[in-house]
Amino acid sequence: MDGAFVKLVTTLSADDVPIELPLPGAPRKFGSGALRIRGKIFAMLVRGHLVVKLPGPRVAALVAAGHGTWFDANKGKPMKEWFVIGAATRRPTWLALAREARAFVGG
């Protein structure tokens, strides 16, 4: 698992909002390494990139600003509420966007 993702998981785990963590050694299938709140995925690491669930207009704004792209689960169609944080985006931004995603999904 990516070191930045491990750090993110550690930091989020210390927050006062309970999250469900990925299980070590879980079979590699969609969502198996995802962070969840109340059983719903809010963040996951996919091919070394952090993917978060945010409101569609927020994702559109982030994409327009050049911070990343819409997530496509290899089905040829971007998912409007899923955002892939770009490689050039600084890692500290991961935490802010993961917390935003947790609030969106958990709220």
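The values are calculated or read from the model by the stated rules, or taken from the named source; none is laboratory data. This one's a predicted model, so the numbers in the text were calculated from it and none came from an experiment. In this analysis, Cβ positions are derived from the backbone assuming ideal geometry, glycine residues included, and neighbour counts consider all displayed protein chains.
Would you call residue 46 in contact with a Lys or Arg (Cβ under 8 Å, 6 or more places away or on another chain) and either at pLDDT below 90 or surrounded by 12 or more Cβ atoms within 10 Å (Cβ to Cβ) (or both)?
Numbers: in contact with a Lys or Arg (Cβ under 8 Å, 6 or more places away or on another chain): no; either at pLDDT below 90 or surrounded by 12 or more Cβ atoms within 10 Å (Cβ to Cβ) (or both): yes.
The answer is no for residue 46.
Looking at 89, 93, which one is of a type in the set (S, T, N, Q), at negative phi, modelled with pLDDT under 95 and touching a Gly at 6+ places or on another chain (Cβ under 8 Å)?
So the residue among 89, 93 that is of a type in the set (S, T, N, Q), at negative phi, modelled with pLDDT under 95 and touching a Gly at 6+ places or on another chain (Cβ under 8 Å) is 89.
Could you count how many residues in the stretch 30-57 are over 24 Å from residue 3 (Cα atoms) and in contact (Cβ under 8 Å) with a residue 24 or more places away in the chain?
Final tally of qualifying residues: 3.
Across the stretch 54-83, what is the number of residues that are within 16 Å of residue 41 (Cα to Cα), at pLDDT below 95 and among the aliphatic types (A, V, I, L, M)?
2
With the requirement that a residue be outside any loop (DSSP other than H, G, I, E, B) and in contact with a strand residue (DSSP E or B) (Cβ under 7 Å, 6 or more places away or on another chain), what does the stretch 60-76 give you?
Of everything in the stretch 60-76, those that are outside any loop (DSSP other than H, G, I, E, B) and in contact with a strand residue (DSSP E or B) (Cβ under 7 Å, 6 or more places away or on another chain) turn out to be 62, 63, 68, 69, 70, 71.
What pairs come out if I take residues in the stretch 92-104 that are surrounded by fewer than 16 Cβ atoms within 10 Å (Cβ to Cβ) and pair them with residues that are outside any helix (DSSP H, G or I) whose C-beta lies under 8 Å away, six or more apart or interchain?
93/67; 93/85
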